[in-house]
């Protein structure tokens, strides 16, 4: 049980194309998630950002891309042990899209310094339910 990933599933009232743009296009991402200078949904592309309460540098590398279906990248923190993987999966359901976010490997981090697995889960839930959902509703059409 301890090493199980954080998995968040939500159905969003938006097409897979719109959800994909929100998670994979830097101009859309900066409006609800990350303001990155550059981002390309291509295997091997590396990106970084500061975030979280401690403003830690997150180092990420894209490992899998299936257009409008899957975006996966490694996720680690500069100066800390541990490696994790974040996977966004999209499942079209008519005019809606089921989104499944999986964050594996959180247990490899020094959680006494970076927050609990529950903290990570709460962060992802907030990001998806408030930020992403709100953004998609705002740009509807």
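The values are calculated or read from the model by the stated rules, or taken from the named source; none is laboratory data. A quick note: this is a predicted structure, and the numbers were derived from the prediction, not measured. Heads up, the Cβs are rebuilt from the backbone with ideal geometry, glycines too, and the neighbour counts pull from every protein chain shown.
Please enumerate the residues belonging to region 121-131 that are more than 12 Å from residue 33 (Cβ to Cβ) and within 11 Å of the chain's Cα centre (by Cα). Give the derivation first.
Taking region 121-131 as the starting set, the residues that turn out to be more than 12 Å from residue 33 (Cβ to Cβ) are 121-122, 125, 129.
Of everything in region 121-131, just one residue is more than 12 Å from residue 33 (Cβ to Cβ) and within 11 Å of the chain's Cα centre (by Cα), namely 125.
Conditions tested, residue by residue: (1) closer than 12 Å to residue 23 by Cα; (2) free of Cβ contacts under 8 Å to residues at least 40 places away in the same chain.
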{"position": "67", "(1), (2)": "yes, no"}
{"position": "71", "(1), (2)": "yes, no"}
{"position": "75", "(1), (2)": "no, yes"}
{"position": "78", "(1), (2)": "no, yes"}
{"position": "81", "(1), (2)": "no, yes"}
{"position": "92", "(1), (2)": "no, no"}
{"position": "98", "(1), (2)": "no, no"}
{"position": "105", "(1), (2)": "no, no"}
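If a residue has to be more than 14 Å from residue 32 (Cα to Cα) and surrounded by 17 or more Cβ atoms within 10 Å (Cβ to Cβ) to count, how many in region 132-141 make the cut?
Matching residues across region 132-141 total 0.
Conditions (1) loosely packed, with under 15 Cβ neighbours inside 10 Å; (2) touching a strand residue (DSSP E or B) at 6+ places or on another chain (Cβ under 8 Å); (3) at pLDDT 95 or above; (4) not in a strand (DSSP E or B), marked per residue:
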| site | (1), (2), (3), (4) |
| --- | --- |
| 59 | no, yes, yes, no |
| 65 | no, yes, yes, no |
| 68 | no, yes, yes, yes |
| 74 | no, yes, yes, no |
| 82 | no, yes, yes, yes |
| 88 | no, yes, yes, no |
| 91 | yes, yes, yes, no |
| 99 | no, yes, yes, no |
| 112 | yes, no, no, yes |
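Any idea which of 103, 126 is within 16 Å of residue 51 (Cβ to Cβ) and not in a helix (DSSP H, G or I)? I'd like the intermediate steps shown before the answer.
Values: 126 fails: not in a helix (DSSP H, G or I).
Matching residue, one of 103, 126: 103.
Given the options 43, 19, name the one that is surrounded by 14 or more Cβ atoms within 10 Å (Cβ to Cβ), closer than 19 Å to residue 90 by Cα and at pLDDT 95 or above.
Numbers: 43 fails: surrounded by 14 or more Cβ atoms within 10 Å (Cβ to Cβ).
None of the other options fit; the residue is 19.
Go through region 129-141 and report how many residues are part of a helix (DSSP H, G or I) and either in contact (Cβ under 8 Å) with a residue 40 or more places away in the chain or at positive phi (or both). If you could, list the steps in order and put the result at the bottom.
Going residue by residue through region 129-141, those that are part of a helix (DSSP H, G or I) are 129-138.
Add one more test, that the residue is either in contact (Cβ under 8 Å) with a residue 40 or more places away in the chain or at positive phi (or both), and what stays is 129, 131-137.
So the count comes out to 8.
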